[in-house]
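Following: one structure in structure tokens, then a few remarks.
The values are calculated or read from the model by the stated rules, or taken from the named source; none is laboratory data. None of these values were measured; they are calculated from a predicted model. Cβ atoms come from the backbone with ideal geometry, glycine included; neighbour counts cover every protein chain shown.
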Amino acid sequence: MSVRKRFGLDIDGTVTDPNTFVPHLNKHFKRTLTLEDLTEYDLTSVLNITEVEFWDWMGKYEGMIYEQAELAPFAEAILHDWKKQHDLIYITARREHHAERTKNWFASKQLPFQHIELVGKHDKLEAVRTHNIDIFFEDKHDNAVAIAEEFNIPVILMDTPYNRLPAPNNVIRSYSWKEAKAWVDQWMMETTS
């Protein structure tokens, strides 16, 4: 019998397809970007716009984008499999006024969760500490590194063009949810034997 673990999961770009924002960016900023063009997490530099312009755009469209977000390939089946043995705790930088919209999206996708925490900022350390997370899943490079270093836990970094900087050994780059699951399965065998 395996030991129940507390999985911390980011939502956007991790559980959702990292390509989610691209069509919206292209439509509203009249660009022809692909995910491969997003080599920085900070979209203001990619789009050559100001912070004010970016947050004005986010204020208008982020809710709709969250509602329309598609799941990353294979995430759904894997999360359903994991919920049988582990606690799934989502920790997202989404702001609190998106709480109902976020829970409605989880319901519409029939995704399992024990808890969803909208921290409203990218610093997730306090939430990881509060929920006593054993392993974390993230797409933002500096979050992954900070969590891995602060708590000495494995962090699965879902590969994207904007997170390809070097990372410590306990940040494990994964190119797909299937690859992430294979790593977690091996880790579970090693930590519970």
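For VAL171, the conditions (1) free of Cβ contacts under 8 Å to residues at least 40 places away in the same chain; (2) under 16 Å from TYR41 (Cβ atoms); (3) hydrophobic (A, V, I, L, M, F, W, C); (4) surrounded by fewer than 19 Cβ atoms within 10 Å (Cβ to Cβ) all hold with the exception of (4). Working only within region 54-70, note down all residues that are assigned to a helix (DSSP H, G or I) and surrounded by 15 or more Cβ atoms within 10 Å (Cβ to Cβ). Matches in region 54-70: PHE54, TRP57, TYR61, GLU62, GLY63, ILE65, TYR66. As a summary of the residue check, GLU51 satisfies the conditions (1) acidic (Asp, Glu); (2) exposed (fewer than 12 other Cβ atoms within 10 Å of the Cβ); (3) touching a strand residue (DSSP E or B) at 6+ places or on another chain (Cβ under 8 Å) except for the one numbered (3). Under the condition of being in a helix (DSSP H, G or I) and buried (at least 17 other Cβ atoms within 10 Å of the Cβ), the residues counted in region 90-103 number 2. Of all the numbered requirements in (1) at pLDDT 95 or above; (2) within 28 Å of LEU165 (Cα to Cα); (3) not in a helix (DSSP H, G or I), LEU79 misses one, and that requirement is (3).
If we keep just the residues of region 148-163 that are outside any strand (DSSP E or B) and without any contact (Cβ under 8 Å) to a residue 40 or more places away in the chain, which is farthest from LYS5 (Cα to Cα)? This residue is ASP159. For ASP10, the stated conditions hold: it is surrounded by 17 or more Cβ atoms within 10 Å (Cβ to Cβ) and among the charged types (D, E, K, R).
Any idea how many residues of region 3-47 are part of a loop (DSSP other than H, G, I, E, B) and out of contact with any helix residue (DSSP H, G or I) (no Cβ under 9 Å at 6 or more places or on another chain)? Counting residues in region 3-47 that are part of a loop (DSSP other than H, G, I, E, B) and out of contact with any helix residue (DSSP H, G or I) (no Cβ under 9 Å at 6 or more places or on another chain) gives 2. In this structure, is ASP87 loosely packed, with under 14 Cβ neighbours inside 10 Å, at pLDDT 95 or above and assigned by TED's automatic domain parsing to the domain that holds ASN163? Spelling it out, it is not the case that ASP87 is loosely packed, with under 14 Cβ neighbours inside 10 Å, at pLDDT 95 or above and assigned by TED's automatic domain parsing to the domain that holds ASN163. Looking across PHE106, PHE74, PHE137, one residue alone is surrounded by 14 or more Cβ atoms within 10 Å (Cβ to Cβ), on the phi > 0 side of the Ramachandran plot, under 16 Å from the mean Cα position of the chain (by Cα) and not polar (S, T, N, Q). It is PHE74. Going by the structure shown, is SER108 over 15 Å from PHE7 (Cβ atoms) and at pLDDT 95 or above? Yes.
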